[in-house]
Protein chains: 2
Amino acid sequence: MSSLHSLLQPASIALVGASPDARKLAGRPLAYLLRYGFQGQVFAVNPKYPDIGGVPCFPSISALPRDIDLALILLPAHQVADALEQCALQGVRCAISIAGGFAEAGSAAEQQRLTDICQTHGIRLIGPNCVGALHPALGMAATFSSELRNRMPRPGRMALFTQSGALGNALLQSFNDLDIGLAYWVSSGNEADVGLMDLVEHSIEDDNINLIALYIEGLKHGERLSELTRKARLKNKAIVVLRAGKSQLGRAAAVSHTGKLAGAWKVWQDVSRQAGIISVETLDELLDVAIVFDRLGFPGGSGTQGLGVLTVSGGMGVLISDAAAEFQLPLPPFSGATQARLRGLLPAQMTVANPVDTALFTDEMGFAACAEAVLEDPGIDVLLVVMTRLAHDYKAMLPWLAKQANTARKIGKCLAISYLSSSDAFEREDRSLLLESGALMLPTPDRVARALGHRHRVAQLPRYTAQPQVDTPQQSQTMQDFLRLAGVPQVPEGLFQDMGAAVKFADTQGYPVVLKVSSPDIAHKTEAGGVALNLKDADSLRASWLQMEQSVATYAPLARIDGYAVQPMVLDGFELIVGCSVDPELGRVLMVGAGGIYAEVFDDVCFLALPTSAPEIRAVLAGLRCAPILAGARGQPALDIEAATQAILRLASQFVADEWVREVDINPLRVRMNGRGAIALDTLVVPDKN
Amino acid sequence: MSSLHSLLQPASIALVGASPDARKLAGRPLAYLLRYGFQGQVFAVNPKYPDIGGVPCFPSISALPRDIDLALILLPAHQVADALEQCALQGVRCAISIAGGFAEAGSAAEQQRLTDICQTHGIRLIGPNCVGALHPALGMAATFSSELRNRMPRPGRMALFTQSGALGNALLQSFNDLDIGLAYWVSSGNEADVGLMDLVEHSIEDDNINLIALYIEGLKHGERLSELTRKARLKNKAIVVLRAGKSQLGRAAAVSHTGKLAGAWKVWQDVSRQAGIISVETLDELLDVAIVFDRLGFPGGSGTQGLGVLTVSGGMGVLISDAAAEFQLPLPPFSGATQARLRGLLPAQMTVANPVDTALFTDEMGFAACAEAVLEDPGIDVLLVVMTRLAHDYKAMLPWLAKQANTARKIGKCLAISYLSSSDAFEREDRSLLLESGALMLPTPDRVARALGHRHRVAQLPRYTAQPQVDTPQQSQTMQDFLRLAGVPQVPEGLFQDMGAAVKFADTQGYPVVLKVSSPDIAHKTEAGGVALNLKDADSLRASWLQMEQSVATYAPLARIDGYAVQPMVLDGFELIVGCSVDPELGRVLMVGAGGIYAEVFDDVCFLALPTSAPEIRAVLAGLRCAPILAGARGQPALDIEAATQAILRLASQFVADEWVREVDINPLRVRMNGRGAIALDTLVVPDKN
């Protein structure tokens, strides 16, 4: 059993510092537990009262019964650590601290003390600086959430974990308004102990959950994200994330190209996309996804998720087609039978294609008959009707719409309702009736299309095995060692301090050759004038050597020069850049992309979380813009993608094994014609400074 | 005076086929004109009645007084042409036909008859298949719009022209709900005569207009768009467009690279962006832009358009910062004085930066005091307050918010209001009060940031002179002629049927050389194996010649071969692709981009409407992803951007002059180091088939 079971399904709750005044924050949780009928045991701790509202009240934590599941500590910051420790000594399994005034207010040491207590005693802590936890089906309200003064959200199958209490609370408000079911919510606060990844892991194991919704400001232990998302996918759970702080995530200071290309936001975007996470931009988009999963569940493998549309405006039909195409949502053609039914309902000049535009040729009942025909089409899972008071009598249509929504729900389909103008929605009470009947209601059709598109894409995701196949490589000690163990395929290279020796080497290898400066102080050789390509004979090599000595001296007069490297020049194929680096949130990541100057200029690179696997690397290579070149564009031969994949996988696996390596760059990795392999023309290994 | 003056400010209106029954479409316009107090003369035409509702009714059009400004023809399709002709003979200046059943229903010939009548007699026609025209300030309702049964929109400064009547009507409904002012609306229908471009041209000359809003499904005479948008910009009018049909605009069949890259949607996107058009994706986004212009007007040159934000959620502050960054809207730091005022209002642990998060540390009046401080900051033009019932008593704050909105409006600023949860908006009557006080209200803060961002970008647009400077070039007769007149800088080239002669030429020009097949039947030489680069000596040239003969014969056995071309190989610089083609909507367009294989793979190309000017070409080159390469990336020398600009401009101007040329491709145009010019290495000219 996950240690968070006692948080989310506690048999007993202690409210430490509970107040009898329900208007105070410290009084709300008890009032909520009573009001919403929590069935477990409830205890209060407050020396001032023998009981509060019929709940037994103890003078101290040490007076509580032992082995309580959950303690909600309602005390101010300076009393939290002692209370937490006493809870631990009393056998409490999990605690929540709502108090502000820790790391978020500059008191990192105070917060570290809480972390230490958890690690010493094994008690788990949510918060501090959080709003608490909520499990509607159990009436379990270990929270001071203000929305519970109004209503408890309907039980459902979504787990919600938010790093902002206020936004989580605002979401509850929307759940109540939009009739979205909630399995549980945890406001994770400062995460002194339990973090989002722990909560996600717990909910992945919960069979009742079909959607895990996250609001993230900063990720701790993000290196667990990919493994968790692989598991979630295998267990038919979708993860939707609203990630805040895009504008604050800058590019890290870095030596390698990989590091420089690794804007934290770019890494997050790439990694979360490959993980199959539904990324949303706004709270409303998060809600839209939640509504769709609430109404339709996790997409079945065989479900077509086809949208049928009925409007009174041809223009709106065009806009919906655009939105469906943009969000990759199928608008399937109707069956012959459906077309025939519609043909009988509409005048001859109207087409009977999807979306159907009835214009003003039908009255409400004609519109309803068209809607029934579409909803019964076997290829249609969701019927979207676009309403407008300019053509429809809402009151007259209400009973029919409610009936259709109900019927649709019974046959595993869904009636979606939105409006020609978002100002033209149903009034609140009518809307409530339709929501209760199972209708999916959003103010505009594009939001319906976008949310359904998110769900549809989840059904298309590849399912990688939860544990990627990686050989456990030997650990390396030196850079040469690392390169050897990583099996980086190198071009023969000689390093020379003497020009004559260099020419002799080149004569043996054959021309053309490449000449490059070798210096620990020059990371970007091209900018230093330290690379000369395509030298066709000994004379060109000598001339370039002399010129390079000069330009390097000008560019970096203090640089230590190990010598000048000579390589035969490989002319066929295409250059990739491959790099490994450490993301502050997501840990070790891999980057692959179009190499050379194009990496930076065309930004055609993609990051993967590590460890990874060959299928994932292949998928990323196939998703690059330069993929057609690799596959053999415009009459060119196909390149050795498989050799590149294996070289990249070996490098990445070695990088995972070698913690002392902070960054690796292969730039370029030249992918040659199919069967001729891939070869690293320049490699940079940056050790960790520590 | 524009001929459309009689449409939008008619002194007299005739309603042809008017009905006394206001429930019928044909009865509505008269009822509306009476209800909304139109001050001009109104006449009805209907043989059945001597008068309708006190308005004089004539038995026929020919019985009407002469020289009426506007006739609204309410007759069915088969009677429209005759009625239009009679109107013309009676001196009517402009007519509207609402009847459906023309081109949209397959009756193109019927519609052509209307076009012919307009051209013969000079009468202007709106429609057919439209909803009519509306000018709220005049009570001028030449329309059957159903929303006018409810209310007339408030007069304002926005011109709205829509190709969908139903969506235009739905927008009116939103204008009324959101308190957005409207100058006039025209539903343009099938555009047998007057099209969107005519309406835009008219409204650009109207000093009252500050925003022109368009819903476009298909553009006629789109070649006028760029000239009109240049004019609009010089006259401080913004243009916002919701363009429908993205999913239906495919790539045109084309011979050239330019043609193949010219997806109609890509051309539209590029051209509209350069024209400074605000592109929106949804009706709600169009409304958001309309609200912002309604409240704040066209952005003044000196206005900072800075947004100040006040929330009770740090998380929402982060989300708003993200949105502001994404939509390029400044969130300026507060002045020292403002910071000091906030410092006095907030507890020590809260920061006083923009956005301000008051958390739960202030009551409503404290929140109000913070808001006043921000609104008085000289760098802030718009204060956004994010409300939530979870922290605020809306009723208690209402009077203060209304007062602040009013005060802000008086000093040229604006109070924007949105919500932590979009489900938590003010009730309708309270919202109305705030709207009337001048508040800018949108359900979510990201919509506020996006709409203000659109307006802010309009203020940053470069203002090109309305008439681009183009020499009027001589017209060409042949391809050679075209290339000579266009001054395309060519590399010396010899065309040979004989290998020996080719080698002699190469010996003279110097190696390396390039060998290319020359055939009217082979557009893509690389794919045919018809290009050999970097031939270093006579032997390589001979070998490539023999190989090329073979591969070309295999690829295209029936192709006519003019011979094989030899050129010295230009190795320095960077390759652009430059092309000209004819877009079905926007007419002659120019494309520039990164050349060679990268044009297609990295899609780094951009289209401009023609005619264009050097500053516009420079701006497009600077906006390409490959711009850093042109400017001299990573230690490479800067390239001759000016020479490229002039070569592109001359080519484009010649293309505008020569209607017989349908497509031109220069691929590549090699831009050499600064001072060494730009040179076309391969050029394709495709004549028009007609």
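Bear in mind that the values in this text are calculations on the coordinates, not laboratory data. Bear in mind the structure is a predicted one, so any value in this text is a computation, not a measurement. Note: ideal-geometry Cβ built from the backbone for every residue, glycine included; neighbour counts use all protein chains shown.
For A:D67 and B:L433, what does the FRET efficiency come to when R0 = 60 Å and r is the distance between their Cβ atoms, rounded to the nearest 0.05? Computed FRET efficiency for A:D67 and B:L433: 0.60. Against chain B, whose longest principal axis comes from its Cα atoms, helix B:314-326 is set at around 50 degrees. State whether chain A is rounded, prolate or oblate according to the following rule on the C-alpha gyration tensor (a ≥ b ≥ c being the square roots of its eigenvalues): a/c under 1.5 gives rounded; otherwise a/b larger than b/c gives prolate, and the remaining case gives oblate. Oblate, because a/c is 1.5 or more while a/b does not exceed b/c. Remark: B:H5, B:H78 ranked as B:H78, B:H5, counting other beta-carbon atoms within 10 Å and listing the fewest first. Under 17 Å of direct C-alpha separation, and excluding same-chain neighbours fewer than eight residues apart, B:K413 reaches these lysines: B:K403. Charge tally around B:L30: other residues with Cβ under 15 Å, Lys/Arg +1 each, Asp/Glu -1 each, net +4. In units of the rule-of-thumb radius 2.2 N^0.38 Å, the protein assembly as shown shows an alpha carbon radius of gyration of 1.03. Each Lys and Arg contributes +1 and each Asp and Glu -1, all at the Cβ; summed about the Cα centre of the protein assembly as shown, the dipole is approximately 1400 debye.
Taking the Cα centre of region B:295-460 as reference, the dipole from Cβ charges on Lys and Arg (+1) and Asp and Glu (-1) amounts to some 440 debye. When you restrict to C-alpha pairs under 8 Å that are six or more residues apart and normalise by the size of region B:492-568, the relative contact order lands at 50 percent. Quick one: Cα centre-to-centre distance for region B:352-393 and region A:108-160, in angstrom? Between the Cα centre of region B:352-393 and that of region A:108-160, the gap is 28 Å.
The value of relative contact order for region B:526-639, using C-alpha pairs under 8 Å at least six residues apart, is 16 percent. Normalised by 2.2 N^0.38 Å, where N is the number of residues, the alpha-carbon radius of gyration of region B:492-568 equals 0.99.
Modelled this way, with points 7 Å down the Cα-to-C-beta line, the labels at A:D82 and A:K235 are 4.0 nm from one another.
Between A:M397, A:S146, A:A71, whose Cα lies farthest towards the positive end of the dipole of chain A when Lys and Arg beta carbons carry +1 and Asp and Glu beta carbons carry -1, centred on the Cα centre? So the residue furthest toward the plus end is A:M397. Once the C-beta distance of A:A638 and A:V491 is scaled by a Förster radius of 30 Å, the resulting FRET efficiency is 0.90 to the nearest 0.05.
Taking Cα atoms only, the orientation of helix B:165-178 departs from the longest principal axis of chain B by about 50 degrees.
A simple count of charges around B:G579, restricted to other residues whose Cβ falls under 9 Å of its Cβ and scoring Lys, Arg +1 and Asp, Glu -1, yields -2. Among the listed pairs A:K536/B:K525; A:K516/A:K689; B:K246/B:K689; A:K246/B:K266, none has a Cα-Cα distance over 31 Å.
Per residue of A:308-320, other chain Cβ atoms within 10 Å of the residue Cβ number 5 on average. A Förster radius of 22 Å, combined with the Cβ-Cβ distance separating B:Q41 from B:S3, puts the computed FRET efficiency at roughly 0.65. Remark: the B:R273-B:Q475 segment gains 69.7 nm on full extension, using 0.36 nm per residue and subtracting the alpha carbon distance.
Could you work out how far helix A:225-234 tilts from the main Cα principal axis of chain A, as a 0 to 90 degree angle to the nearest 10? Tilt relative to chain A: about 60 degrees.
Summing Cβ point charges (Lys, Arg +1; Asp, Glu -1) relative to the Cα centre of chain B gives a dipole of roughly 980 debye. Take each residue of peptide A:166-176, count the partner chain Cβ atoms within 10 Å of its Cβ, and average: the result is 6. Each Cα pair under 8 Å and six or more residues apart adds its sequence gap; the mean of these over the residue count of chain A is a relative contact order of 9 percent. Projecting the Cα atoms of B:F574, A:V309, A:F655 onto the charge dipole of the protein assembly as shown, computed from C-beta unit charges around the Cα centre, puts A:V309 farthest toward the positive end. Put simply, when B:79-87, A:284-292 are sorted by average Cβ atoms within 10 angstrom per residue, most first, you get A:284-292, B:79-87.
Each part gets one Cα centre, and for region B:501-522 versus region A:550-625 those centres are 37 Å apart.
Once both labels are positioned 7 Å from their Cα atoms along Cα-to-Cβ, the gap between A:R343 and A:E527 label points is 6.9 nm. Of the residues A:T115, A:T282, B:T612, the one with the fewest other Cβ atoms within 10 Å heads the list, and the complete ranking is A:T115, A:T282, B:T612. Ordering B:515-527, A:571-583 by mean Cβ neighbour count within 10 Å, with the highest value first, yields A:571-583, B:515-527.
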